[in-house]
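All remarks here apply to the structure that follows.
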């Protein structure tokens, strides 16, 4: 069992909903990706991209329809293919288990990072307050992951006044959201955005 990095922790449980495909290879180690369906409290679900090393897959195979529990980190990397979003977000699996006893939450994430872009505060047409935050979470070897986060209500109003460089602890869940992007005057393309929906946050001072 691999120990999770303390400033970036994800726990998910759900169902594999795609076949595995090759994501990338580093120093001879092959990594695969697949889509993972995680239920919400409502009738909806979030479809989250999972990345897993071939070394984990040596112990058991993963097939569509499998119900799994996954522990890992939420990571970002730049997409240089020229297609789709420039920032790719994926859960990097550290431990995968067949579904046994349920987690206390089927979708939970904890992040400790730094605001790296001024928060954007807005209200929806229905009057709901939202703040968009981009959080930089340090990783080993001098790397960082850049995680889009959304705060709601009083948390949104609070985050609106925070400055770049503020150290935040965030608790929440990973969500996927379908939207339509205008390609030309008559055409829209369906896209998926991924972000962390914040349920609780704390400023770290000093």
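What follows is calculated from the coordinates using simple rules that are stated; it is not laboratory data. Fair warning: this is a prediction, and the values are worked out from it, not measured in the lab. Quick reminder, even Gly has a Cβ in these numbers, built from the backbone with ideal geometry, and neighbours come from all protein chains shown.
Comparing 146, 97, 121 in a Gaussian network model of the chain (Cα springs below 10 Å), the most mobile by mean-square fluctuation is 97. By other beta-carbon atoms within 10 Å, ranking 177, 75 with the fewest at the front produces 177, 75. Cα centroids of the range 160-197 and the range 39-77: how far apart, whole angstrom? Here the two parts' Cα centres lie 20 Å apart. Fully extending the segment from residue 18 to residue 199 would add 62.3 nm, taking 0.36 nm per residue of separation and subtracting the current Cα-Cα distance. Just to be sure I understand: with springs between alpha-carbon atoms less than 10 Å apart, which residue in 29, 13, 54 has the highest mean-square fluctuation in the Gaussian network model of the chain? It is 29. Between 22, 38, 91, the residue with the greatest mean-square fluctuation in the GNM of the chain (Cα pairs under 10 Å linked by springs) is 22.
Ordering 18, 6, 108 by the number of other Cβ atoms within 10 Å of each residue's own Cβ, fewest first, gives 6, 18, 108. If you sort the three axes of the alpha carbon gyration tensor as a ≥ b ≥ c, you get a/c of 1.5 or more for the range 8-107 and a/b no higher than b/c, which makes it oblate. You can think of it this way: the chain between residue 164 and residue 128 has 10.6 nm of extra reach, that is 0.36 nm per residue less the Cα-Cα gap. Residues 192, 15, 90, 100, arranged from fewest to most other Cβ atoms within 10 angstrom of their Cβ, appear as 100, 192, 15, 90.
Can you give the relative contact order of the range 8-107 as a percent, counting alpha carbon pairs under 8 Å and 6+ residues apart?
Details: 214 pairs, mean separation 33.0, N = 100.
So the answer I get is 33 percent.
Quick one: compute the contact order of the chain, relative version, from alpha carbon pairs under 8 angstrom and 6+ residues apart, as a percent. Please list the in-between numbers first.
Details: 489 pairs, mean separation 38.3, N = 206.
Taking the mean separation of contacting Cα pairs over the length of the chain, I get 19 percent.
Here the simple spin-label model places points 7 Å from the Cα toward Cβ, and for residue 120 and residue 187 these points are separated by 2.5 nm.
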